[in-house]
Amino acid sequence: MANIGLYMELKDGVFKKSNRELLSLARKGGHDVQAVIFCSDVQPYLEELKGIQAVIQVTGADLSYQPDRFARTLASVIETFQLDVFCGIYSAQGKDLFPRLAAKVKAGLVSDCLAVDLGARTAVKPVYSGKLLAEYQIEGERALFTVRPNVIPIDPPAGSAPEIKTAAMDNGETQSRITEVIKGASQKVDLTEAEIIVSGGRAMKAKENFAVLEDLAKVLNAGVGASRAAVDSGFASSDMQVGQTGKVVNPKLYIACGISGAIQHFVGMKTSKVIVAVNKDPEAPIFKKADYGIVGDLFTVVPLLKEEVKRTLA
């Protein structure tokens, strides 16, 4: 039976939805599971952490994310608590943190996993721009994985509250330091965790026109994304970009409006459960990849779609 460690990521003190996926994955295997969380007060998160053996609370004067300090602290936690397998979210922070951590604990790392068997230390992930799926197995003393959001069904927490253990933040010298985080004003929903995303392409024609998509997104409680062409044209901010050089998303529903369907964009959203395309060009490549397609002007179709959704929800 493996000794599993999970890195619980917080965003402005909020417990991320993807953490629940990791917990659901770990609880099913009958393993000894310990979650690691950087916080001054662990009590607000204990309800979410029911059913695992322990939570390791990392405390310190400054708990803001700093790559060097977090990597050293987690390396120490892995050694101290003898964690064989360590998992996190394939998020912006996970992509930055886990390669550093793998180097420090001399462990293999498989990132962006669509499926993980913690006991066998195997994982499935997309390769060659998502054209194929490859299965990896990590041998050695320790194994690290990061899991793509929205791929693991979430089970409600059940069982007893975990034992609380503590660890101290490593406050040694750092080679780099994050001094400021500038948040995009338009980003209301984290695209990497969103269950529904409405995205616009070059056909949006202007930044102001994204209001059409935002109106639909409000009704659906969805995130608003954009193609690289829309971002490069100045219609959308870079934090909205979905694609190979933007964010990789995995929602239950992806609505692509005025997006041609170039491979660069498709790689970032191809694992969406359902893809709906709206484009006035019937030959647009996106229609070959979509589950449902609407041929028409997005400025006519999207408002009609919004009203129909409102009626359905009512």
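The values are calculated or read from the model by the stated rules, or taken from the named source; none is laboratory data. From a predicted model like this one, the values you see are computed outputs, not experimental measurements. Heads up, the Cβs are rebuilt from the backbone with ideal geometry, glycines too, and the neighbour counts pull from every protein chain shown.
So the values come out like this:
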{"read-out": "Enumeration of residues in the stretch 208-231 that are in contact (Cβ under 8 Å) with a residue 40 or more places away in the chain, more than 20 Å from SER272 (Cα to Cα) and of a type outside the set (Val, Ile, Thr)", "value": "ASN209, ASP215"}
{"read-out": "Per-region count, the stretch 198-225, residues within 23 Å of the chain's Cα centre (by Cα) and within 19 Å of THR312 (Cβ to Cβ)", "value": "9"}
{"read-out": "Subset tally (residues that are of a type outside the set (Asp, Glu), assigned to a loop (DSSP other than H, G, I, E, B) and either free of Cβ contacts under 8 Å to residues at least 24 places away in the same chain or within 15 Å of VAL276 (Cβ to Cβ) (or both)) for the stretch 195-207", "value": "1"}
{"read-out": "Enumeration of residues in the stretch 134-151 that are closer than 30 Å to PHE15 by Cβ and aliphatic (A, V, I, L, M)", "value": "ILE138, ALA143, LEU144, VAL147, VAL151"}
{"read-out": "Of residues in the stretch 159-173 being surrounded by 13 or more Cβ atoms within 10 Å (Cβ to Cβ) and touching a strand residue (DSSP E or B) at 6+ places or on another chain (Cβ under 7 Å), the one farthest from LEU63 (Cα to Cα)", "value": "PRO162"}
{"read-out": "Flag for PRO162 being at pLDDT below 95 and at negative phi", "value": "no"}
{"read-out": "Residue within the stretch 212-219 that is assigned to a strand (DSSP E or B), in the same structural domain as ARG202 (by TED's automatic domain parsing) and among the small types (Gly, Ala, Ser) present", "value": "no"}
{"read-out": "The one condition in (1) in a loop (DSSP other than H, G, I, E, B); (2) within 22 Å of GLU173 (Cβ to Cβ) that LYS104 fails to fulfil", "value": "(1)"}
{"read-out": "Members of the stretch 252-291 found to be assigned to a strand (DSSP E or B) and either surrounded by fewer than 20 Cβ atoms within 10 Å (Cβ to Cβ) or of a type in the set (S, T, N, Q) (or both), listed by number", "value": "LEU253, VAL274, VAL276, ASN279"}
{"read-out": "Of residues in the stretch 120-156 being under 26 Å from TYR65 (Cα atoms) and of a type in the set (D, E, K, R), the one surrounded by the fewest Cβ atoms within 10 Å (Cβ to Cβ)", "value": "ARG142"}
{"read-out": "Members of the stretch 74-95 found to be among the hydroxyl-bearing types (Ser, Thr, Tyr) and in a helix (DSSP H, G or I), listed by number", "value": "SER76, THR80"}
{"read-out": "Close pairs (7 angstrom Cβ cut-off, 6 or more residues apart or separate chains): under 16 Å from GLU180 (Cα atoms) in the stretch 55-68, assigned to a strand (DSSP E or B) anywhere", "value": "LEU63/PHE38"}
{"read-out": "Strands (runs of 3 or more DSSP E) fully within the stretch 1-73 counting 2 or more residues that are at pLDDT below 95, surrounded by fewer than 20 Cβ atoms within 10 Å (Cβ to Cβ) and touching a strand residue (DSSP E or B) at 6+ places or on another chain (Cβ under 7 Å)", "value": "none"}
{"read-out": "Pair list, Cβ < 8 Å and 6+ apart or interchain, from the stretch 157-175 residues that are over 27 Å from PRO67 (Cα atoms) and outside the structural domain of GLN43 (by TED's automatic domain parsing) to residues that are buried (at least 16 other Cβ atoms within 10 Å of the Cβ) and modelled with pLDDT of 90 or more", "value": "none"}
{"read-out": "Entirely in the stretch 121-166, the strands (runs of 3 or more DSSP E) that have 1 or more residues that are basic (Lys, Arg)", "value": "122-127"}
